[in-house]
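J.: Before I ask anything, here is the structure I am working with.
No value in this document is a laboratory result; all are computed from the given coordinates. Computed from a prediction, not measured in an experiment: that's the story for all the values here. Here the Cβ positions follow ideal geometry from the backbone for every residue, glycine too, while neighbour counts run over all protein chains shown.
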Amino acid sequence: MATDINKAQFIKDFKDQLYEDFMVKNSDATAEEQFVALAKVIKNYVRPDWFRQKNGIVADKKKTAYYFSIEFLPGKMLQTNLLNLGIYRMVEAALAENGVALNDLVAAERDMALGNGGLGRLAACFMDSLATIGAPGFGNGIRYKYGLFKQKIVNGYQVELPDAWLSSEGNVWETKKPHSAVDVKIYGNVYLEPHDGGVLKPVYENVKTLHAVPYDMPQIGFQNGVVNNLRLWDVEIPEKYELDYPTLADRRRVEDITSVLYPDDSSREGQSLRLIQEYFMVSAGLQTIVKSYAKMGLPMTAIQEKVAVHINDTHPAMAVPELMRILMDDYGVKWSDAWTSTIAVMSYTNHTVLSEALEKWDAALFKEIVPRIHQIVGEIDRQFVAKWASKVDACVVDNTRIIRNGQIHMANLAIIGGHSVNGVAKLHTELLIEDVLKDFYTIFPEKFNNKTNGIVPRRWSQIANPKLSNLIDDLIGKGWRRDIHELKKLENLTSDTAVLAQLDLVKTANKQRLADYAKKMLGIELPVNAIFDVQVKRLHAYKRQLLNVMHIIKLYQDLKANSELELTPRVFIFGAKAAPGYHFAKSVIKIINELAALVNNDAEIGDKLKVVFLENYNVSLAELIIPAADVSEQISTAGKEASGTSNMKFMMNGALTLATLDGANIEIKDAVGEDNIIIFGMDKNAVYDHYQKHDYNARAIYDNNPEIKRVVDAFVDGTIPNIHYEGHEIWDALVSYNDEYFLLEDFDDYVKKQAELATLYANDKQTWQQKALINIANSERFSSDDTIELYAKEIWEIN
Ligand code: 26Y
């Protein structure tokens with residue numbers, strides 16, 4: 001066990017590794033070299049546990065869950081791995097004795113950002129939690145050469161640069177496994193040929209073969225000796241398939257398959273490359289899984305007893321027909337048995353109610369790229385319609401079938417082909433049942449369940465916030481580091497004024513840490529006595545960064561009108577990437593930056609208001625920003641945010657949530673009580689009421705509310721300098737196009753609640769910190785360890 005390693009042994013291993021890899025003495029090595037050596041030493045320590053867990057699956061015939069996800073967003077791994085191995089302090093001290101600051105090595109690691117946002121980050125939290133609860137649970141995805149684009153702000157605009165995250169050393173955590181490579185077939189024609197006993201076997205013509213090579217990454221459980229595996233696939237062209245790709249352009253098209261993550265968060269359409277990516281990872285993963293199951297020597301028709309496959313959003317939904325294909329074509333299982341097994345193996349999580357994010361593929365394109373899968377989907381659809389046509393209304397069948405109007409509905413495929421559909425927060429699951437998937441609910445009520453998201457507590461407390469963690473140790477002992485539910489004990493301390501004062505000191509120190517960063521990046525001084533009011537997440541209209549902007553404009557206008565105005569000083573902090581093709585979102589970024597320039601440089605405003613947009617929001621930046629927040633902005637239009645997970649991270653770090661009753665905000669409110677969260681605006685019923693009655697009239701609000709008019713007009717009347725069409729685009733969205741996300745209706749209440757919290761912060765810091773402590777104490781409810789335990793028990797039935 002790695003925990004048995006002592007300092008002397010570790011330092012010897014570290015120096016040997018530096019010598020082996022770089023022929024350098026520690027004192028002459030760069031931080032990058034030291035990081036690489038340290039990571040390799042860690043990998044060596046975990047290798048026996050990792051190997052045992054992988055081999056145990058076949059040897060011990062353990063039921064295993066495979067989490068299929070087109071995104072994994074772990075960020076950096078060094079600190080998490082050290083912490084989970086239980087050697088963090090030892091390594092930190094040993095390195096320090098040898099003149100090396102662990103923090104410099106942490107800084108040298110690049111973020112692994114093979115994900116867009118919430119969905120990918122959730123997958124990474126789940127991998128940690130699976131190992132931590134000791135469950136056999138492996139990830140399956142794509143090893144993109146470029147992660148989510150790197151964002152630069154140039155002249156106020158977002159500019160996207162490729163994220164070349166793989167250094168010349170590759171990804172030090174991974175191990176390439178050429179011996180486990182498999183072939184994936186795409187394109188060509190397929191027809192069925194009768195064989196003995198009337199069995200139909202597919203014959204392929206003119207296919208192109210992709211050689212899928214896996215790279216494995218250890219997923220280390222928290223101090224429990226369990227190391228799971230995250231398998232990411234890359235594509236190669238071996239000599240035997242060279243003739244499939246005769247030109248350089250052909251070869252480039254193949255390389256493109258694992259080149260870049262689809263840089264989208266639900267606002268743009270997919271292309272054939274994306275479809276190939278999806279099939280590539282699904283087929284490679286499933287072929288491997290079935291092969292390893294076959295080694296157990298059990299009947300193929302009982303695969304569901306040893307294998308669970310989870311479809312993370314619809315992107316891996318081709319797992320359903322692909323498992324059918326493998327069972328039937330490769331192992332001779334008959335359709336009805338294969339279908340029974342497939343349904344029992346597969347389960348699906350929905351992460352969105354936005355219709356534009358529900359994947360649909362053009363059936364002709366689908367047929368061209370994956371002809372055999374197209375046949376199987378066609379047959380699944382035919383049988384589904386045949387079975388249900390006599391039992392439910394025709395419109396129900398029409399709304400739930402897979403192929404409709406020349407399109408393949410991936411969510412329908414995932415629901416029909418699996419035994420479980422879950423939403424990611426209570427409200428979200430309710431909306432799936434009542435609205436988005438209601439016809440499915442009439443057919444398969446038993447498939448529906450809720451699994452509220454969670455966050456991995458180690459990264460979002462111990463690693464991101466060492467100061468708070470040390471304070472908690474002093475207050476309730478260290479038990480919470482292993483059992484997050486012990487945080488509840490903090491509730492007993494809410495009237496201890498000394499504790500509240502200490503909490504305030506910790507927050508201020510974290511604010512200073514962020515202020516130093518802002519000073520370095522932007523040259524702006526952030527006053528740490530101000531409220532740090534933070535909104536960090538993907539930029540999307542429904543998340544309503546614009547509502548936050550409108551509030552800032554209002555405060556600015558108020559101050560300009562009356563420089564004597566008493567105002568609690570505030571720092572507004574934004575971090576957000578916009579999908580490259582999402583015009584409106586990019587305009588909002590430009591507006592924020594120009595508003596920031598205006599406010600920050602106005603001598604009359606001084607330190608009363610500051611606005612900062614921190615570029616390239618990613619996991620590492622989240623670890624810096626979230627512990628520094630006083631206010632967590634979770635202000636989506638009710639009913640739109642499936643869950644949110646940063647809301648939980650903020651809470652765990654003692655920010656107060658300013659929120660609509662949306663996604664997991666509702667459960668946060670239930671956890672802390674309504675006195676310890678600030679709720680505003682329309683709830684989901686009010687929003688749906690407008691949808692039903694078609695009675696929302698943004699223009700009327702604009703015309704009749706002078707304050708709103710003044711704020712909205714600021715986008716076009718020259719108040720914000722250096723903007724062009726952006727202001728008009730926003731004005732039109734709010735007024736001419738009837739404000740799709742109801743910002744104008746929620747504005748007054750938002751402003752009111754903002755004012756109330758500012759007053760509280762200014763006048764009663766103690767009560768503020770009391771609320772913060774209650775939030776920290778109750779954040780234990782949102783541990784992804786617990787979430788994943790429920791997936792394991794209720795959906796996958798693994799131990
Ligand atoms: C198909 C393509 C357009 C697409 C690409 C990425 C569709 C969706 C996505 C990503 C969605 C996503 O990240 N959803 C978020 O999932 C989180 C984890 O469940 C939720 O907390 C969050 O509310 C939701 O927006």
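J.: Quick one: check the C-alpha center-to-center distance for segment 566-628 versus segment 158-180, whole angstrom.
T.: Using only Cα atoms to place each centre, the spacing works out to 30 Å.
J.: Which whole-number percent of Cα pairs in the chain have a distance greater than 35 Å?
T.: 49 percent
J.: Of the listed peptides 300-308, 68-76, what is their order by residue-averaged count of other C-beta atoms within 10 Å, with the highest listed first?
T.: On the way: 300-308: 19.8, 68-76: 25.7.
Result, highest mean first: 68-76, 300-308.
J.: Now a separate question. Seen from all sides and averaged, what is the projected area of the convex hull of the Cα atoms in segment 285-330, in nm²?
T.: That works out to 3.1 nm², a quarter of the Cα hull's surface.
J.: Which one, 209, 190, 178, is farthest towards the positive end of the dipole of segment 174-298 when Lys and Arg carry +1 and Asp and Glu -1 on their Cβ?
T.: 178
J.: Next up: Against the longest principal axis of the chain, how steep is helix 583-600, in degrees 0 to 90 to the nearest 10, with axes from Cα atoms?
T.: In the chain, helix 583-600 runs at an angle near 30 degrees to the longest axis.
J.: How large is the dipole of segment 720-799 about the Cα centre if only Lys and Arg carry +1 and Asp and Glu carry -1, each at its Cβ, rounded to the nearest 20 debye?
T.: Taking the Cα centre of segment 720-799 as origin, the dipole is about 540 debye.
J.: Tell me, what are the semi-axes, in whole angstrom and largest first, of the equivalent ellipsoid of segment 650-799 as set by the roots of 5 times the Cα gyration tensor eigenvalues?
T.: Value: 36, 23, 15 Å, ordered largest first.
J.: Let me ask something else about it. Along the charge dipole of the chain, Cβ charges K/R +1 and D/E -1, which of 294, 777, 571 sits furthest on the positive end?
T.: Checking the options against the dipole of the chain, the answer is 294.
J.: Once phi is turned into ³J(HN,Hα) by the Karplus curve 6.51 cos²θ - 1.76 cosθ + 1.60 with θ = phi - 60°, what whole-Hz value does each residue of segment 60-71 show in order, with x for glycine and proline?
T.: The phi angles translate into 9, 6, 7, 5, 10, 9, 10, 9, 8, 8, 7, 9 Hz.
J.: Here is a further query. What value, in deg cm²/dmol to 500, does the helix sum -39500 (n - 2.57) over DSSP H runs of n ≥ 4 give at 222 nm once divided by the residues of the chain?
T.: Values: 30 runs with 354 residues, N = 799.
Using -39500 (n - 2.57) per qualifying helix, the result is -13500 deg cm²/dmol.
J.: When all alpha-carbon pairs of segment 541-672 are counted, what percent fall beyond 20 Å?
T.: Everything past 20 Å amounts to 51 percent.
J.: How far apart, in nanometres, would the label points at residue 426 and residue 557 be if each is projected 7 angstrom from Cα along the Cα-to-Cβ direction?
T.: Here the answer is 3.8 nm between the modelled labels.
J.: Okay, moving on. State whether segment 625-683 is rounded, prolate or oblate according to the following rule on the C-alpha gyration tensor (a ≥ b ≥ c being the square roots of its eigenvalues): a/c under 1.5 gives rounded; otherwise a/b larger than b/c gives prolate, and the remaining case gives oblate.
T.: prolate
J.: Using only the alpha-carbon atoms, how far is helix 765-778 inclined from the longest principal axis of the chain? Give it as 0 to 90 degrees, nearest 10.
T.: Computed tilt is about 10 degrees.
J.: To continue, here is another question. Determine the percent antiparallel among the DSSP beta bridges restricted to the chain, to the nearest 5.
T.: Beta bridges within the chain, antiparallel portion: roughly 45 percent.
J.: Then there is this: Please give the peptides 120-130, 389-399, 539-549, 98-108 ranked by average Cβ packing (other Cβ atoms within 10 Å per residue), highest first, as a rough proxy for protection.
T.: Put in order of decreasing packing, that is 120-130, 539-549, 98-108, 389-399.
J.: Hey, another quick one. Assigning unit charges at the beta carbon (Lys, Arg +1; Asp, Glu -1) and nothing else, what dipole magnitude in debye, to the nearest 20, does segment 1-58 show about its Cα centre? Write out the running numbers ahead of the final one.
T.: Values: 9 positive and 9 negative charges, 55 e Å.
Computed charge dipole of segment 1-58: roughly 260 debye.
J.: Between residue 683 and residue 187, what's the calculated FRET efficiency when r is the beta-carbon distance and R0 is 60 Å? Round to 0.05.
T.: Calculated transfer efficiency: 0.75.
J.: Starting from the amide H of residue 609, placed 1.01 Å from N in the peptide plane, find each other amide H under 5 Å away whose residue is 5 or more places distant or on another chain.
T.: Long-range HN contacts for residue 609: 570.
J.: Quick one: compute the contact order of the chain, relative version, from alpha carbon pairs under 8 angstrom and 6+ residues apart, as a percent.
T.: With pairs under 8 Å counted, the relative contact order is 13 percent.
J.: Along the charge dipole of the chain, Cβ charges K/R +1 and D/E -1, which of 536, 728, 343 sits furthest on the positive end?
T.: 343
J.: Still on this structure, I have one more. Just list whichever of 201/438; 360/451; 306/684 have alpha carbons separated by over 29 Å in the model shown.
T.: Result: 201/438; 306/684 exceed 29 Å.
J.: State the Cα centre-to-centre distance between segment 297-342 and segment 45-79 in whole Å.
T.: Cα centres, segment 297-342 to segment 45-79: 21 Å.
J.: If I fit a long axis through the Cα atoms of helix 497-522 and take the longest principal axis of the Cα atoms of the chain, what angle between them do I get, 0 to 90°, rounded to 10?
T.: 80 degrees
J.: Could you pull the Rg and Dmax for segment 373-426, using just the Cα atoms, both in Å?
T.: Cα-based Rg and Dmax for segment 373-426 come out at 11.8, 37 Å.
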